[in-house]
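Trainee: One structure is given below, represented as structure tokens, and several questions about it will come after.
The values are calculated or read from the model by the stated rules, or taken from the named source; none is laboratory data. Predicted, not measured: the structure shown is a model, and the values here were computed from it. Neighbour counts run over all protein chains shown; Cβ positions are idealised from the backbone, glycine included.
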Protein chains: 2
Amino acid sequence: MKPAKISKKAIVLLSGGLDSTTCLAIAQSRGFNIYALTIQYGQRHQAELLAAKKIARHYQVQKHLILKIPLTAWGGSSLTDLKLNVAQSRSFQSMAQGIPETYVPARNLIFLSLALAWGETLHVEDFFIGVNVLDYSGYPDCRPAFIHQFEKLARLGTKLGVEQNWKLKIHTPLIHLAKHQIIQEGTRLGVNYAWTHSCYHPRPNHAPCLKCDSCLLRAKGFQLANLEDPLLNRFFRK
Amino acid sequence: MKPAKISKKAIVLLSGGLDSTTCLAIAQSRGFNIYALTIQYGQRHQAELLAAKKIARHYQVQKHLILKIPLTAWGGSSLTDLKLNVAQSRSFQSMAQGIPETYVPARNLIFLSLALAWGETLHVEDFFIGVNVLDYSGYPDCRPAFIHQFEKLARLGTKLGVEQNWKLKIHTPLIHLAKHQIIQEGTRLGVNYAWTHSCYHPRPNHAPCLKCDSCLLRAKGFQLANLEDPLLNRFFRK
């Protein structure tokens with residue numbers, strides 16, 4: 001008799017955006033039993049959180065944990081400091097110059113550390129994060145070298161790492177994909193992008209502004225993928 | 001005319017315990033302008049937090065930031081999970097065996113990441129943490145290799161690190177000191193240990209239990225330093 005297949009647990013960082021949702025779909029397609037972690041770090045709006053909840057429900061994740069981590073205490077980013085403006089209508093060329101104001105100090109380090117703590121408690125070896133080095137983002141904590149170094153540090157600084165040679169792995173399935181490739185992969189896996197939220201500065205009804213870097217990169221991604229963004233239908237073409 | 005001395009900023013992780021308070025006193029004695037960070041991560045009691053507030057006030061720190069980070073969401077430690085018991089009356093020999101149940105998954109990684117984010121916003125280069133490898137603690141995230149690796153990761157994963165060659169340094173002035181040496185150093189600097197809280201399982205009036213590992217190590221430290229613990233006077237010999 002074949003033993004029942006026990007699927008392996010994985011923690012997926014889920015913001016409710018296009019990338020993290022695709023990342024979750026990829027993790028599930030690889031047979032993982034998903035524990036989704038959403039960090040409410042004081043973003044300007046609730047649209048992402050609502051998206052994350054809807055997506056976690058749809059994918060019937062084992063558990064969806066939402067943590068409030070007040071990174072607004074010090075600001076330092078146009079995403080967490082209401083006094084700063086979110087850039088609008090920038091050219092892709094200007095996005096490519098330097099690290100943008102939407103950089104949140106040490107965000108992925110904090111997120112991965114929290115995921116690691118939860119994962120150590122659950123004895124999870126597999127972690128998924130939808131970071132991406134392309135698309136002009138320039139965020140230092142999205143690069144392969146950072147992820148690799150984090151894995152080393154995690155093995156060094158945890159009880160499981162020291163006592164049980166924890167084989168933890170940070171999976172970054174999107175890291176070398178362009179936005180249109182991410183969209184193509186997600187579409188192949190049946191992701192409903194109408195539920196995902198990307199905009200940095202949404203309208204009160206959570207409709208995207210269509211002008212911030214994130215909206216512009218999303219629009220270009222759908223264009224290059226030769227697909228329609230169903231989010232636009234949801235908000236603008238009812 | 002001599003220019004006014006501008007003291008350099010430092011972030012000090014301050015729990016309100018004996019070690020972190022000594023660490024703060026050391027940082028101040030080295031001329032740093034202190035920004036104290038206290039993380040309320042869901043400890044069993046408020047005694048540490050009250051101690052931290054009192055100490056930060058006494059040292060007239062530039063700012064005392066208290067962050068609520070709910071590490072109770074997953075437990076995994078006798079400090080954050082009320083279902084687990086805190087060990088009582090253990091021998092020092094048994095404390096020396098393995099990582100204790102008071103280990104909180106990835107705690108110092110999370111704390112240092114948060115300090116780093118605040119520090120990046122303030123352009124601070126100096127961070128102080130009162131970690132210590134001796135005294136049987138066995139916590140993996142208190143070792144020099146972990147701290148060194150964290151510094152490397154921090155430079156790699158931050159905007160200041162990548163764009164401005166951030167010379168950040170994690171100071172660990174207690175790392176190789178035994179408890180009695182920490183107490184001697186703090187006493188030399190005028191630390192009032194009656195304000196510091198060490199107990200894992202205090203009584204309702206915040207008096208120490210005198211039986212947990214932390215109380216036992218503290219008592220042994222004062223004994224070897226040939227000093228009286230003023231905390232005992234405060235609670236038991238009024």
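Trainee: Condition check: at pLDDT below 95, within 8 Å of chain B (Cβ to nearest Cβ) and in contact with a Ser or Thr (Cβ under 8 Å, 6 or more places away or on another chain). Does A:D141 satisfy that?
Mentor: On the way: at pLDDT below 95: yes; within 8 Å of chain B (Cβ to nearest Cβ): yes; in contact with a Ser or Thr (Cβ under 8 Å, 6 or more places away or on another chain): yes.
Criteria met by A:D141.
Trainee: Scanning region B:42-60 for residues that are surrounded by fewer than 21 Cβ atoms within 10 Å (Cβ to Cβ) and touching a strand residue (DSSP E or B) at 6+ places or on another chain (Cβ under 8 Å), which turns out modelled with the lowest pLDDT?
Mentor: Among them, the one singled out is B:L49.
Trainee: While we're on this one: Does A:R90 satisfy the condition of being charged (D, E, K, R) and within 12 Å of chain B (Cβ to nearest Cβ)?
Mentor: On the way: charged (D, E, K, R): yes; within 12 Å of chain B (Cβ to nearest Cβ): no.
Here the answer is no, as A:R90 does not meet what is asked.
Trainee: Say whether the condition of being farther than 16 Å from A:E151 by Cα and within 9 Å of another protein chain (Cβ to nearest Cβ) is met by at least one residue in region B:163-176.
Mentor: First pass over region B:163-176, keeping only residues farther than 16 Å from A:E151 by Cα: B:163-176.
Within this subset, residues satisfying the condition of being within 9 Å of another protein chain (Cβ to nearest Cβ) are B:163.
Yes, some residue in region B:163-176 is farther than 16 Å from A:E151 by Cα and within 9 Å of another protein chain (Cβ to nearest Cβ).
Trainee: Taking region A:186-238, which residues are touching a residue at least 40 places away in the same chain (Cβ under 8 Å) and of a type in the set (A, V, I, L, M)?
Mentor: Scanning region A:186-238 gives A:L189, A:V191, A:A194, A:L216, A:L217, A:L224, A:A225, A:L227.
Trainee: Exactly one of (1) farther than 24 Å from B:S7 by Cα; (2) in a loop (DSSP other than H, G, I, E, B); (3) among the aliphatic types (A, V, I, L, M); (4) modelled with pLDDT of 95 or more is unmet by B:I110. Its number?
Mentor: (2)
Trainee: Is it the case that B:E151 is of a type in the set (D, E), over 15 Å from the mean Cα position of the chain (by Cα) and within 9 Å of chain A (Cβ to nearest Cβ)? Before you say what the answer is, go through the steps one by one.
Mentor: Working: of a type in the set (D, E): yes; over 15 Å from the mean Cα position of the chain (by Cα): yes; within 9 Å of chain A (Cβ to nearest Cβ): no.
So B:E151 does not fit the description; no.
Trainee: Filter region B:64-87 down to the residues that are at the interface with another protein chain (Cβ under 10 Å from one of its Cβ atoms) and either touching a residue at least 40 places away in the same chain (Cβ under 8 Å) or not in a loop (DSSP other than H, G, I, E, B) (or both) and list them by number.
Mentor: Within region B:64-87, B:L65, B:I66, B:L67, B:K68, B:I69, B:L71, B:A73 meet the criteria.
Trainee: Among the residues of region A:112-122 satisfying the criterion of being in contact with a strand residue (DSSP E or B) (Cβ under 8 Å, 6 or more places away or on another chain) and over 21 Å from B:A154 (Cα atoms), which is nearest to the other protein chains (Cβ to nearest Cβ)?
Mentor: The first filter runs over region A:112-122 and keeps only residues in contact with a strand residue (DSSP E or B) (Cβ under 8 Å, 6 or more places away or on another chain), leaving A:112, A:114-116, A:118-119, A:122.
From what's left, over 21 Å from B:A154 (Cα atoms): A:118-119, A:122.
On the way: A:W118: 5, A:G119: 8, A:L122: 7 Å.
So, considering only residues that are in contact with a strand residue (DSSP E or B) (Cβ under 8 Å, 6 or more places away or on another chain) and over 21 Å from B:A154 (Cα atoms), the one nearest to the other protein chains (Cβ to nearest Cβ) is A:W118.
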